[in-house]
Amino acid sequence: MKNIIRPISILLIHAMAMAQLSTGKPTVLAFAGIQVEDVEPWVEEELQKKMEKIFEDIDDDMIILPASVQSQAGVQVDSLFLDMNDAAFQRIADETGAKYVFGGQFKNVSPDDRRIMIQGDFYRYNALLKSSFRYEVLKYYERMNDETKVIKIQLVDSIPATAKPASLKQVAMVFGSIFLVGILFMSITGTKVWGESSGDDGGGIPTET
């Protein structure tokens, strides 16, 4: 029986460690919204909805969208759009509990009144490292759908912790399968699993004939 206690113990220790890591708190993201100058209100509203779509693959409990950010940290959001710096982002992170805070400032720089050209910056702030990543935008408005896809890849999909962690049940099922396979393997290779021989009944380690 001693032959199986050690491998079983190792499997159980690894299972418990993996469960603790996998069921930890997910990374919370906060999108403070955007500000767009020199455009009609409907353009700013529509562009914000386009930007919100970059978070559509994130679980609802892992993303705080602008309306909720405003309700939790309205003063800090107003301060952010007055001066978009790391200190302002950090205050929003402190109020919302987010590990990453996103926000952007844009303006219309088109020389043609019939078209809108969006220029500005979209930020991802890391509250743990207290640093920000800036993505520069210069696109005609009709091409912003394509631009938001690039922003999603570079600023959102590049955060590995946004993937939904495995549940304790899922981890238990995986390691339960490993445990059963281990027992089967040791049985096939001749390890005594179900009992030990007393030594006087002629028993011993099975051998092939």
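List the relative contact order of region 29-162 as a percent without decimals, with contacts defined as Cα pairs under 8 Å and 6+ residues apart.
In percent, rounded to a whole number, it is 26.
Going by C-beta contacts inside 10 Å, put Ile63, Ile58 in order with the fewest on the left.
So the ranking, lowest neighbour count to highest, is Ile58, Ile63.
What is the packing order of peptides 90-101, 120-131, taking the mean over residues of other C-beta atoms within 10 Å and listing the highest first?
Peptide ranking by packing, descending: 90-101, 120-131.
Taking θ as phi - 60°, what are the ³J(HN,Hα) couplings along region 95-108 by the Karplus curve (6.51, -1.76, 1.60), each to the nearest whole Hz, with x for Gly and Pro?
Along region 95-108, the couplings run 6, 9, x, 7, 8, 10, 10, 10, x, x, 10, 9, 8, 8 Hz.
Out of Ile58, Ala73, Phe133, whose Cα points farthest toward the positive end of the dipole of region 29-162 (charges: +1 Lys, Arg; -1 Asp, Glu; placed on Cβ)?
Value computed over the given set: Phe133.
Around Leu80, with a cut-off of 12 angstrom between Cβ atoms, what is the net charge of the other residues, counting Lys and Arg +1 and Asp and Glu -1?
-3
Antiparallel DSSP bridges in region 29-162: what percent, to the nearest 5?
Roughly 70 percent of the DSSP beta bridges within region 29-162 come out antiparallel.
Could you work out the Rg to Rh ratio of region 29-162, with Rh taken as the Kirkwood radius (inverse of the mean 1/r over all Cα pairs)?
0.95
A short reminder: the numbers here are calculations on the coordinates, not readings from a lab. What you are looking at is a predicted structure, and each value in this text was computed from that prediction instead of being measured. Note: ideal-geometry Cβ built from the backbone for every residue, glycine included; neighbour counts use all protein chains shown.
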